[in-house]
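Structure first, then comments.
Please treat every number below as a calculation from the coordinates, not as lab data. Since the structure is predicted, the reported quantities are computational estimates derived from the model, not experimental observations. Please note: Cβ atoms are built from the backbone with ideal geometry, for glycine as well, and neighbour counts cover all protein chains shown.
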């Protein structure tokens, strides 16, 4: 039988080994999910809410063990790993639970004598979630919790880099008393995943990953008349206006660009700074970046861990080398980060200037600890450069002028506009992208719409 091996970026050793599911396991899982969903859909919402809250409490009770697993699987520094559970995971799960009664309530039509008319939201059935490794709990909870609260069953296929996340979900839901079959997971290869996507018992597919992966999901789902949500790549820009708070902007943008070794869906990958602030901004940005500590992520002092794989680090090294050959200037000496080692996932952060949009590093997703900084003369120039991208996930503006930010935001081709913030998901707001960043919407009240179908009731009194 085929085996899936997870290589830890911490030390290059096999951390997890699992047998991959085959067609028989997929058949059993989907059959059980289909049966369980019918009963689960009849379960009162208050009971579903209580189970989800218990699941969150179970996960919080095991946060130290969960955090250590996370660090070993994908390399995030241990000082940050607990926050994924204690912060975003719990926050999003509880917010989506809090708004569930409102989001799932019947929608009445205006009164008409002799008639009762309303729209009811019904669950779709079985939801397949294909989740990534970079924020393995945060990305998956966006769909898993509202799908289950809406009365669906969920089958989770997690990244081969973070398979223990799927197993932790199953454990937590089991401890919380979720009926058997409502949540299941499978470790699958690409071929079996495509088979699952195409299976008529799967009513909806939520995928987070690369653009190439999104295309593969669409191909597998084509012709099967089912919903597909895709959260794909990004090359998220930031614009520092002349009235920005310099120190505040620098500190937050270094974090937005370098946190998680730059492996964030909405991480800042390119920065445009008004020429009046450009020189002091760059100097301060480099100084702040040099405060990072690259090293073993199990060391509590480490603030920058390895990238997930050597291949990913080498891709970023290639982007940097190519940009320098084209005239860019690198402002960080890798020797300032002794743990940096070519041929390994340990990569020093890099800041590039004298860059332009003919360079891959300014237009192609890097997904690593590198950022290019360009000066601009005006809002109009910044806007044109920010929109000059095949992606559109988030964009951030740094300014004291909210009205200017609103005007720029109206013209930005992006799913989220930030002012004086970046690299953050607010569960009260829709999480969505445009262009090659994907389609669909998770979180907020709108996030429930893709996980339910409307049914109209038109009742006449005789």
Worksheet entry | 0 to 90° range, to nearest 10: angle between helix 163-176 axis and the chain longest Cα axis | 40 degrees
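Classify region 157-205: rounded, prolate or oblate, from the alpha-carbon gyration tensor (a ≥ b ≥ c, eigenvalue square roots; a/c under 1.5 rounded; otherwise prolate if a/b is larger than b/c)? The partial results should precede the final answer.
Values: a/c = 3.37, a/b = 1.38, b/c = 2.45.
In terms of gyration-tensor shape, oblate.
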Fill in: Sorted by Cβ density within 10 Å, fewest first, the residues 190, 357
190, 357
Discussion item. If I model a spin label as a point 7 Å beyond the Cα along the Cα-Cβ vector, how far apart are those points for residue 167 and residue 330 in nm?
Written reply: 3.9 nm
Worksheet item: Expressed as a rounded percentage, what relative contact order does region 83-197 have, with Cα pairs under 8 Å and six or more residues apart?
Response: 23 percent
Response to the item:
Per its Cα gyration tensor (rounded if a/c is under 1.5, else prolate when a/b beats b/c, else oblate), region 351-462 is best filed as prolate
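If packing is taken as the average number of other Cβ atoms within 10 Å across a peptide's residues, how do 82-91, 157-166 rank, most packed first?
Values: 82-91: 17.7, 157-166: 22.6.
Top to bottom by mean Cβ count within 10 Å: 157-166, 82-91.
If a/c stays under 1.5 just call it rounded; otherwise compare a/b with b/c (prolate if a/b is bigger, oblate if not). Do that for region 252-325, with a ≥ b ≥ c from the square roots of the Cα gyration tensor eigenvalues.
On the way: a/c = 2.02, a/b = 1.34, b/c = 1.51.
Judged from the Cα gyration tensor, region 252-325 comes out oblate (a/c at least 1.5, b/c at or above a/b).
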Discussion item. Using only Cα atoms and rounding to the nearest 10 degrees, what angle (0 to 90) does helix 246-258 make with the longest principal axis of the chain?
Written reply: 60 degrees
Worksheet item: Relative contact order for region 236-426: what is it in percent, counting Cα pairs under 8 Å that are at least 6 residues apart?
Response: 29 percent
Worksheet item: For the chain, what is the mean residue ellipticity at 222 nm derived from helices alone (per DSSP H run of n ≥ 4: -39500 (n - 2.57); sum divided by total residues; nearest 500 deg cm²/dmol)?
Response: -11500 deg cm²/dmol
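Between residue 358 and residue 402, how high is the FRET efficiency from 1/(1 + (r/R0)^6) when r is the Cβ-Cβ distance and R₀ = 35 Å? Nearest 0.05.
Taking R0 as 35 Å, the efficiency between residue 358 and residue 402 is 0.55.
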Fill in: Pairwise label distance in nanometres, residue 222 with residue 198, each label 7 Å out on the Cα-Cβ vector
1.2 nm
Fill in: Efficiency of FRET between residue 322 and residue 384 - r from beta-carbon atoms, R0 25 angstrom, step 0.05
0.60
Discussion item. Once you keep just the Cα pairs under 8 angstrom separated by 6 or more residues, what percentage relative contact order results for the chain?
Written reply: 19 percent
Worksheet item: Stretch residue 122-residue 413 to full length: gain in nm at 0.36 nm per residue minus the Cα-Cα span?
Response: 101.5 nm
Item to complete: Report, to the nearest 10°, how far helix 63-74 tilts away from the longest principal axis of the Cα atoms in the chain, using its own Cα long axis and a range of 0 to 90°.
Response: 60 degrees
Response to the item:
Label model pair residue 20, residue 45: point-to-point distance (7 angstrom along the Cα→beta-carbon line) in nm is 4.1 nm
Worksheet item: Given the Cα-Cα distance of residue 2 and residue 110 and 0.36 nm per residue of separation, how much length would full extension add, in nm?
Response: 33.1 nm
